[in-house]
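Structure, as structure tokens:
Derivation of every value follows stated rules applied to the coordinates shown; laboratory data play no part. All figures in this text were calculated on a predicted structure; none of them were measured in a lab. So basically every Cβ, Gly included, is an ideal-geometry build from the backbone, and we count neighbours across all protein chains shown.
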Amino acid sequence: MNRGLSRAVVAAGTLATYVVLLLPTLVIIGASFNVKQTTAFPPQGFSLHWYGEAIRQFGDAFTLSVILGATTAAVAIPLAVPAALAIVRYEFRGRNAIQALLLSPLFVPSLLIGVSLLSAFLTIGLQGTFVALLLAHVLLTFPYVVRTVLASLQGIPRVIEESAATLGANPRQVMQHVTVPMMSSGIFAGALFAFLVSFGEINASVFVAGPSTTTLPIQLFSYLAFSSGPVVAAISVLQICLILVVVAVIERTVGLGKALQFG
């Protein structure tokens with residue numbers, strides 16, 4: 001009886017927690033369909049007008065953020081895979097220190113990274129360019145990709161690679177036909193993580209972006225400084241949908257728990 005009561009209390013507490021966490025999102029979704037030009041919940045009618053306005057006002061910034069996220073992933077993956085292979089498959093002095101160095105952007109406030117990059121890019125004349133924005137995002141997303149690939153590599157038994165080598169495969173063939181295919185889910189999940197982090201990055205981007213490289217988070221933040229309304233709710237819902245798709249793909253490929261493992 002006591003055990004059943006305890007489970008019921010835990011279940012009720014869990015449900016209440018989910019409701020509290022999801023309630024703001026439900027309010028935003030409802031407000032995005034409001035007929036009037038005010039943020040109201042429950043919505044006063046049903047209209048998709050604000051989604052069209054969101055695409056019209058934020059479409060260019062949204063497209064730039066998507067391109068930037070995809071390019072960031074494309075650059076980060078070729079850099080992270082060799083680094084992860086070296087850390088997992090080889091023993092060398094300073095390996096732990098190098099791993100900590102590769103993950104260090106996770107522990108430094110992105111605002112400080114943005115200020116540092118601003119100074120560096122002003123010195124070399126890259127400030128405000130797409131290249132500057134790309135370099136900043138690669139630096140910020142690289143640790144996520146490394147950790148995801150590391151988690152994937154650590155799940156591959158070394159004996160499989162050794163068996164392939166015993167059967168006559170050279171190191172390049174082992175890498176091409178055994179190691180890379182088995183870690184492909186981790187690479188794919190790492191690319192999605194890089195895209196997701198890049199798409200939502202604003203703290204460092206504010207310092208390195210220019211008038212022609214305004215990402216969606218920057219434009220949305222600037223818009224909110226002067227006005228708000230259902231159009232903000234609509235673009236927020238579109239971002240939520242995109243994030244949910246990416247998270248679902250990560251879960252299906254490598255698993256969120258494994259991808260987020262930092263041990």
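Toward the positive end of the charge dipole of the chain, with +1 on the Cβ of Lys and Arg and -1 on the Cβ of Asp and Glu, the farthest Cα among Thr213, Ile87, Ser47 is that of Ile87. For Leu101 and Glu53, the FRET efficiency from 1/(1 + (r/R0)^6), where r spans their Cβ atoms and R0 equals 51 Å, is about 0.65. Per-residue 3J(HN,Hα) values for segment 225-231, derived from phi via the Karplus relation 6.51 cos²θ - 1.76 cosθ + 1.60 with θ = phi - 60°, read 5, 10, 7, 8, x, x, 5 Hz in sequence order (x marks Gly and Pro).
In the chain, helices alone account for a calculated mean residue ellipticity at 222 nm of -24000 deg cm²/dmol, with every DSSP H run of four or more residues adding -39,500 (n - 2.57). Extension gain, Leu111 to Glu91: 0.36 nm times the residue separation minus the Cα-Cα distance gives 3.7 nm. Taking 0.36 nm per residue of separation and subtracting the Cα-Cα distance, full extension of the segment from Ser163 to Ile124 would add 9.1 nm.
For the residues Arg158, Arg56, Arg172, a GNM of the chain with alpha-carbon springs under 10 Å puts the largest fluctuation on Arg172.
Our summary gives the chain a relative contact order of 31 percent, counting only alpha carbon pairs under 8 angstrom and 6 or more residues apart. Name the residue, out of Val27, Val159, Val232, whose mean-square fluctuation peaks in a Gaussian network model built on the chain with Cα pairs under 10 Å. Between Val27, Val159, Val232, it is Val159 that shows the largest mean-square fluctuation. Residues in segment 31-37 carry Karplus couplings, in order, of 5, 5, 9, 5, 6, 7, 7 Hz; the curve used is 6.51 cos²θ - 1.76 cosθ + 1.60 with θ = phi - 60°, and Gly or Pro positions show x. I want to verify a result. In a Gaussian network model of the chain, Cα cutoff 10 Å, which of these has the top mean-square fluctuation: Leu64, Leu85, Leu133? In the Gaussian network model the winner is Leu85.
This model, with +1 at the C-beta of Lys and Arg and -1 at the C-beta of Asp and Glu, gives the chain a dipole about its Cα centre of some 520 debye.
Measuring between their Cα centroids, segment 42-91 and segment 157-220 lie 14 Å from each other. Taking a ≥ b ≥ c as the square roots of the eigenvalues of the Cα gyration tensor of the chain, is the shape rounded (a/c under 1.5), prolate (a/b larger than b/c) or oblate? It is oblate, given that a/c is not under 1.5 and a/b is not larger than b/c.
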